[in-house]
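**Student:** Would you mind keeping the following structure in view while I ask a few things?
The values are calculated or read from the model by the stated rules, or taken from the named source; none is laboratory data. Computed from a predicted structure; not experimentally measured. Reconstructed Cβ throughout: ideal geometry from the backbone, glycine too, with neighbour counts over all protein chains shown. Protein only, heavy atoms only, side chains kept; ligands, DNA and RNA dropped before computing areas. Shrake-Rupley method; radii C 1.70, N 1.55, O 1.52, S 1.80 Å.
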Amino acid sequence: MTKLAWAARGISAVSGAVLLGALMAPSAVAGGGADHDPQHKKKGSHSAKAAMQHKQAGPARSEDDRHDERQDEHKKKCSTARDISTAAPDYINFDPGVIFHVATDRHGHAFLNDSRNPGVWINLGILANAPQCVTDTAASVTESNPGYLYVNLLGKDGVIHQARCTTSNTPFTPANLAAACGTGFSPVQDTPV
């Protein structure tokens, strides 16, 4: 009886090994089979590296593709909390209820809204020298018409950038903002960082 038990155990072990081999064979076939040639692997990795370098060099990309890539890179580099500030002129020559809003999005872009132009948020990045990653905003307006709207943006690097935009009875729009703000943004000297 003991001989039969040993034989059964031996058959069981052989059956398990065969079954394990059968289960592993499909994955080896799907992966291209086992490769025991170390030189072949080096050739394969070298050709993969060459293909990657070729892909990086790739064909010439359009300006839109490069712009989209820069936008994606900017989103990765600049992630901030949202911020908003307002300024309201208290002067008889302005229509009642005029409010200037300056806000940021989570990607560090700053926007201006003139309440006389509801729903229109102007990307302040269209102005010269605008900071790339804005973490805070401030707005103030002088008490005259025409007067000035001061927009202050705090960059992620800790430097304050200020633009002075001439106000008038005409609401700010994307078409007239650059002209109204002249030279655009300039850094506030000796900003404590």
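**Student:** Got a sec? Which residues in the stretch 124-152 would a label at THR173 touch, if it sits 7 Å along Cα→Cβ and we count backbone N under 18 Å?
**Tutor:** 124, 126-127
**Student:** Please give me the summed charge of the neighbours of PHE94: other residues whose Cβ is under 13 Å from its Cβ, Lys and Arg +1, Asp and Glu -1.
**Tutor:** Surrounding charge for PHE94 is -3.
**Student:** Using 7 Å Cα-to-Cβ label points, what is the ASP90/TYR150 separation (nm, one decimal)?
**Tutor:** That separation, rounded to one decimal, is 1.7 nm.
**Student:** Let me ask something else about it. What does the accessible area of ASP90 come to, in Å² to the nearest 10, when a probe of 1.4 Å is used?
**Tutor:** 120
**Student:** Between the DSSP loop rule and a limit of at most 10 other Cβ atoms within 10 Å, which trypsin sites (Lys or Arg not before Pro) in the stretch 77-108 are left?
**Tutor:** ARG82
**Student:** First measure r as the distance between the Cβ atoms of ASN117 and ASP65, then evaluate 1/(1 + (r/R0)^6) with R0 = 35 Å and state the FRET efficiency to the nearest 0.05.
**Tutor:** 0.60
**Student:** Of all accessible surface on the stretch 75-193 at a 1.4 Å probe, what whole percent is carbon and sulfur?
**Tutor:** 53
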